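Coordinate-derived values only; no laboratory data. Please read these numbers as outputs of a predicted model, since none were measured by experiment. For neighbour counting, all protein chains shown are included, and Cβ atoms are generated from backbone atoms with ideal geometry for every residue, glycine included.
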Protein chains: 2
Amino acid sequence: SRRKVHCSSASSKLMEFPYASAPIKKLMLELLSTVDDKLGSSLHPTSTLPSHLQHFANSTDTAHASLHLRSGLPSSQIDLILGGWIHCKLPSGGALNITTLSAYLTSSTDAPHFLLELIQNSPTSLVLILDLMPRKDLILHPKYLKNYYEDTHLDTHRQRLQALPEVRPYYSPSLYIRAVISPTAILVTIDTGASQSKSIEQIIEGDISPIAKDLLHFWLESCACSAREVDASERAYLAERDRVIKNKTIEVDLGSSLPRLFGQEIADGVLDALKECYNK
Amino acid sequence: SRRKVHCSSASSKLMEFPYASAPIKKLMLELLSTVDDKLGSSLHPTSTLPSHLQHFANSTDTAHASLHLRSGLPSSQIDLILGGWIHCKLPSGGALNITTLSAYLTSSTDAPHFLLELIQNSPTSLVLILDLMPRKDLILHPKYLKNYYEDTHLDTHRQRLQALPEVRPYYSPSLYIRAVISPTAILVTIDTGASQSKSIEQIIEGDISPIAKDLLHFWLESCACSAREVDASERAYLAERDRVIKNKTIEVDLGSSLPRLFGQEIADGVLDALKECYNK
């Protein structure tokens with residue numbers, strides 16, 4: 001159909017993943033295509049970041065990265081969508097590849113944000129972070145917990161993945177990250193180094209991809225494109241909590257890796273530009 | 001010394017653990033003795049629960065339980081301390097033994113609550129829940145996260161335990177429990193069924209006991225007996241959040257196990273009495 005052609009062409013322009021493994025690249029392009037298909041008309045058509053930050057490298061050309069940020073139109077519930085990847089040659093001869101997609105909503109809704117991060121630093125191991133980040137304190141808002149996490153059976157995704165012998169829980173060194181995620185968050189390490197049965201590519205294709213697509217589909221239908229009643233005091237609460245979430249997530253995530261991989265000067269430029277977009 | 005004699009005699013009156021394994025009984029008596037030593041003068045001298053609920057059994061005498069609740073004096077920061085155990089013969093011939101100690105503070109401080117639960121349903125396996133439960137939304141209160149969880153390096157306890165080959169993460173089926181705990185919470189299953197090196201008793205004595213004692217010591221010094229400035233609006237926030245925590249924790253924990261083990265009538269009596277004490 002015309003619509004499909006239009007969307008996949010738009011999404012291939014949005015972002016490519018030259019260093020990712022084939023199944024990760026396939027997954028990311030599908031996810032971005034779905035986002036573009038569903039939300040394209042709610043987003044600014046071009047990246048909000050200055051063009052020199054849409055692709056950058058370190059001085060020795062061993063580290064490359066690409067960040068693509070699209071802000072939501074004022075009429076939409078979308079605050080911003082950030083896609084990106086980091087590639088870095090390792091002294092061992094291998095490479096570190098980080099691939100991310102996060103999507104933040106505005107305070108016109110209290111529905112969860114979307115978060116996906118794939119961190120691969122060897123051909124046989126991978127860290128996966130996949131979650132719908134809650135917007136409210138779940139203790140003071142038990143209906144929110146019930147509505148988005150219990151009644152939806154989101155935990156079955158995590159259970160399915162953790163039933164695989166190659167999968168074990170991942171504990172982020174950042175206590176903030178552990179605190180900001182939901183009780184059904186998927187934080188796992190997949191290691192197929194000793195596996196007789198499955199390769200990491202098979203797990204990405206057969207297990208991670210369907211779960212990531214399911215969760216994004218749920219997020220698009222039930223969070224991004226579903227209206228919620230939010231009064232003025234609640235909007236102020238959400239806006240303040242989101243301000244902390246967005247800034248702290250940049251600090252903890254990119255703020256710790258970029259200086260190491262790209263040097264302080266490039267890292268500062270990227271972080272400042274991102275924070276400016278995040279806070280306007 | 002006289003003080004020590006007085007305290008151990010008081011704590012043996014407080015609660016005994018007739019069905020617990022030797023190392024669990026030893027641990028619990030030590031913890032209760034420490035609590036009594038440090039907080040005895042801040043607590044009502046006798047249990048606040050009606051005496052027929054301090055020990056009860058089911059109609060077929062296969063399940064026994066004991067709950068001991070001491071409220072804090074109005075002048076103290078202690079809201080209440082609940083110790084207890086449940087013992088139930090299993091049809092397999094084994095037994096289920098649950099041992100708990102929880103300690104709640106009043107809204108005159110925002111310091112974390114203390115939570116310990118040991119669930120043993122076979123001679124070679126055990127679930128351990130050990131945490132300082134945060135009183136505030138950690139996203140909106142990053143200083144609280146830093147003060148109680150990051151700067152204190154509480155995560156080293158969890159890391160030490162999870163480094164043992166017999167230990168793996170435990171996921172509570174209750175998303176509420178996963179949400180109410182801290183990012184450094186210890187929720188683990190210990191299984192020595194296939195272990196060549198250590199028995200469950202050795203792990204309780206050598207690994208769990210020192211960690212539980214350390215955490216209780218930290219809680220007593222830095223939470224229960226340390227003054228914090230809390231203004232009126234914050235007190236109202238803490239009181240409301242604690243009301244949810246205490247009632248929901250009873251519902252999820254005892255509310256799901258007591259009816260199954262003791263029948264609905266006894267369970268209702270216990271839960272009503274507990275809720276009355278919790279909410280006054």
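Points to keep in mind about this one:
- Dipole check for the protein assembly as shown: with +1 at the C-beta of Lys and Arg, -1 at the C-beta of Asp and Glu, and the Cα centre as origin, the magnitude is about 0 Debye.
- Residue-averaged 222 nm ellipticity for chain A, from DSSP H runs of 4+ at -39500 (n - 2.57), nearest 500: -12000 deg cm²/dmol
- Taking every alpha-carbon pair under 8 Å whose residues sit at least 6 apart, the stretch A:165-280 reaches a relative contact order of 19 percent.
- Taking the label point 7 Å along Cα→Cβ, B:P165 and its counterparts in the other copies are spaced 1.6 nm apart, in ascending order.
- Cα gyration tensor category, rounded, prolate or oblate, for the protein assembly as shown with a/c compared to 1.5: prolate
- Cα-based reach from B:K26 at 18 Å (exclusive), listing aspartates and glutamates while leaving out same-chain residues under 8 positions away: B:E16, B:D36, B:D37, B:E117, B:E201, B:E205, B:D207, B:D214
- At most 12 other Cβ within 10 Å, DSSP loop - GluC sites (Glu not before Pro), the stretch B:167-256: B:E229
- Per-copy distances of the B:E205 label point, shortest first, in nm (7 angstrom along Cα→Cβ): 5.4
- Of B:Y19, B:Y176, B:Y144, the one that fluctuates the most in a GNM where chain B has Cα springs shorter than 10 Å: B:Y176
- Take every pair of alpha-carbon atoms less than 8 Å apart whose residues are at least six positions apart; their mean separation over the length of the stretch B:1-159 yields a relative contact order of 12 percent.
- Candidate lysines for bridging to A:K280, where Cα separation is under 29 Å - those fewer than 8 sequence places away on the same chain excluded: A:K13, A:K38, A:K136, A:K246, A:K248, B:K136, B:K143, B:K146
- Distance between the C-alpha centres of the stretch B:127-176 and the stretch A:92-169: 19 Å, rounded to the whole angstrom.
- Chain B residue nearest the axis that carries B onto A, by Cβ, with distance in whole Å, is B:D137, 2.
- For B:T124, inter-copy label distances in nm, listed shortest first [label point 7 Å out on the Cα-Cβ vector]: 2.8
- Cα gyration tensor shape for chain B, rounded if a/c is under 1.5, else prolate or oblate: rounded
- Gyration tensor verdict on the stretch B:69-126 (Cα atoms; rounded if a/c is under 1.5, prolate if a/b is larger than b/c, oblate otherwise): prolate
- Shielding value for A:177-185 is 5, the average number of Cβ atoms from other chains within 10 Å of each residue's Cβ.
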